[in-house]
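Presented below is the structure to which this report refers.
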Amino acid sequence: MSKRHEPNSIKIEESVKLALEEDIGIGDITGELIDPLQTQSAILFCREESILCGSKWFEASFKIIDPNANIFWNKEEGALIESNTEVATIEGNSKCMVASERTGLNFLQMMSGIAYKTYCYQKELKGSNTKLLDTRKTLPGLRYEQKYSVVIGGGQNHRMGLYDAALVKENHIASSGSIKKAVEALRNNEVKIIEVEVENLNELQEAIDSGADIAMLDNFKQTDLVTAAEIAVNKIKLEVSGNINSDHLSFIKELDIDYISSGDLTKNISATDYSLIFKPID
């Protein structure tokens, strides 16, 4: 996905319908107290600095239940939001809005939180050529949403799943017999780009000798990262991974590292604080 990637409307509808069904079930018991013909407006409020992400999912949460609902955005997808900002206004059927509220906020809070964390990581890497990647450490059923959020925050997707890139990990090596044998098997299957996870400098050299394209340096000590960067020049691209968080970025950005991948972006989520405030009816 590129930062200007238009989200897949079919995927959005599928995810939102599933979330609405999970929340509403056979019906909103408390919502029965509201006149089914009543209309109302509400303000979407963001209480902390963040990146707006997930607006299409938020809209779908309301429009699937009330096709006549209208959402007027004051900010665009991907915009940096200051704290205490009115982000949007919603107009629609009161009963439907109450039923949609939690689902819409859940998507918006999660996705904005991921986008903002990615944005903060990117600020730490400013001035370097190192690309920030996500991982497959995502919430089941929400990978598309989470990886989309990383892109909106300024990062890049590593791979969507097992089907779109080859990454030889520890257990693949154990099952194949060696890094060399694993790489050879993939080349025989006409795999063009092969990445190998390595745990020490000896394995890095094996990956280079095998003809792998990228070496993922898993949980390397800082001294070994420096040595690895020297060994790899003009031989193999390097990706640093393994318990990467914002504390590591200032050191890594000074090395000649091609990629940093971090599960922290999608695994340790701090949801953005949004509220939906209904305007009282006359």
| query | Which shape class, rounded, prolate or oblate, goes with region 45-168 when its Cα gyration tensor gives a ≥ b ≥ c as root eigenvalues, a/c under 1.5 marks rounded, and past that a/b bigger than b/c marks prolate? | reply | oblate
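Give the shape of region 126-267 as rounded, prolate or oblate, defined through the alpha-carbon gyration tensor: a ≥ b ≥ c are the square roots of its eigenvalues, a/c under 1.5 means rounded, and otherwise the shape is prolate if a/b is larger than b/c and oblate if not.
Because a/c hits 1.5 or more and a/b fails to exceed b/c, region 126-267 counts as oblate.
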| remark: With x for Gly and Pro, the residue-by-residue ³J(HN,Hα) of region 180-194, computed from phi through the Karplus equation 6.51 cos²θ - 1.76 cosθ + 1.60 at θ = phi - 60° and given in whole Hz, is 4, 5, 5, 5, 4, 5, 5, 4, 5, 8, 6, 6, 7, 10, 10
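Can you give the helix-only mean residue ellipticity at 222 nm for the chain, where every DSSP H stretch with n ≥ 4 adds -39500 (n - 2.57) and the sum goes over all residues, rounded to the nearest 500 deg cm²/dmol?
On the way: 10 runs with 115 residues, N = 282.
Theoretical 222 nm ellipticity from helices: -12500 deg cm²/dmol.
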| message | For Leu133, what residues show an amide H to amide H distance below 5 Å, using hydrogens built from the backbone and excluding near sequence neighbours? | response | Gln156, Ile260, Ser261, Ser262
| field | Sparse-neighbourhood loop sites, trypsin sites (Lys or Arg not before Pro) in region 200-282 - DSSP loop, at most 12 other Cβ within 10 angstrom | value | Lys221
| 3J(HN,Hα) from dihedral phi, region 266-280, Karplus parametrisation 6.51/-1.76/1.60, rounded to Hz, x for glycine, proline | 10, 8, 10, 8, 10, 5, 5, 7, 9, 9, 10, 9, 6, 7, x
| message | Under 5 Å between amide hydrogens, which residues at least 5 positions from Ile81 or on another chain qualify, with H placed 1.01 Å from N in the peptide plane? | response | Ser50, Ile51, Leu52
| remark: For percent of Cα pairs over 36 Å apart the list reads (1) 29; (2) 22; (3) 14; the calculated value is entry (1)
| message | Could you tell me the calculated FRET efficiency between Ser176 and Asp35, based on Cβ-Cβ distance and R0 = 51 angstrom, to the nearest 0.05? | response | 0.15
| task | At q = 0.12, 0.28 Å⁻¹, work out log10 I(q)/I(0) for region 1-75 with the Debye formula, treating every Cα as an identical point scatterer and leaving solvent out; two decimals please. | result | -0.45, -1.41
| Pairs Lys181/Lys221; Lys131/Lys221; Lys17/Lys279; Lys56/Lys169; Lys11/Lys75: which exceed 30 Å Cα-Cα? | Lys56/Lys169
| remark: Loop-resident trypsin sites (Lys or Arg not before Pro) in region 78-151 with no more than 10 other Cβ atoms inside 10 Å, DSSP not H/G/I/E/B, are Lys126
| Residue-wise HN-Hα coupling along region 99-111, computed from phi with Karplus coefficients 6.51, -1.76, 1.60 (Hz; x: Gly, Pro) | 6, 8, 3, 5, 5, x, 5, 4, 5, 5, 5, 5, 5
| Which aspartates and glutamates does Lys137 reach when only Cα atoms under 14 Å apart count, and residues fewer than 8 places away in its own chain are ignored? | Glu145, Asp264
| remark: Once the in-chain neighbours fewer than 8 apart are removed, the aspartates and glutamates whose Cα is under 19 Å from Lys95 read Glu21, Glu22, Asp23, Asp28, Glu32, Asp35, Glu59, Asp66, Asp282
| query | If amide H atoms are built 1.01 Å from N in the plane of the peptide, which residues on other chains or at least 5 residues away come under 5 Å of the amide H of Asn245? | reply | none
| Would you list Asp256, Asp35 from fewest to most Cβ contacts within 10 Å? | Asp35, Asp256
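Once the other residues with Cβ under 14 Å from the Cβ of Ile34 are scored (Lys, Arg +1; Asp, Glu -1), what is the net sum? Could the numbers behind the result be given before it?
Values: positive: Lys95; negative: Asp28, Glu32, Asp35, Asp66, Glu101.
In short, -4.
To the nearest 20 debye, what is the magnitude of the charge dipole of region 126-267 about its Cα centre, counting +1 on the Cβ of each Lys and Arg and -1 on the Cβ of each Asp and Glu?
Roughly 440 debye for region 126-267.
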| Under a Cβ-Cβ cut-off of 11 Å, what is the net charge of the residues other than Ser9 that fall near it, where Lys and Arg count +1 and Asp and Glu count -1? | -2
| Cα-projected label distance for Ser83 with Asp224, points at 7 Å along beta-carbon direction, nm | 4.1
| note | Reduced to Cα centres, the span from region 242-268 to region 14-86 in Å works out to 33
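Where in region 77-120 are there GluC sites (Glu not before Pro) that are in a DSSP coil and have at most 14 other Cβ atoms within 10 angstrom of their Cβ?
On the way: sites: Glu77, Glu82, Glu86, Glu91, Glu101; in loops: Glu77, Glu82.
Qualifying residues, ordered by number: Glu82.
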| note | Given unit charges at Cβ for Lys, Arg (+) and Asp, Glu (-), the dipole magnitude of the chain about its Cα centre in debye, nearest 20, is 460
| request: Among Ser128, Ile90, Thr103, flag the residue with its Cα farthest along the positive direction of the charge dipole of region 79-164, charges on Cβ as +1 for Lys/Arg and -1 for Asp/Glu. | output: Ser128
| task | Please name whichever of Ser50, Pro36, His158 sits farthest to the positive end of the charge dipole of the chain, dipole taken about the Cα centre and charges placed at Cβ: Lys and Arg +1, Asp and Glu -1. | result | His158
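Every read-out reported here was derived from the displayed coordinates using simple, explicitly stated rules and does not represent laboratory data. Keep in mind that this is a model prediction, so the values were computed, not measured. Every residue, glycine among them, receives a Cβ derived from its backbone with ideal geometry; neighbour counts consider all protein chains shown.
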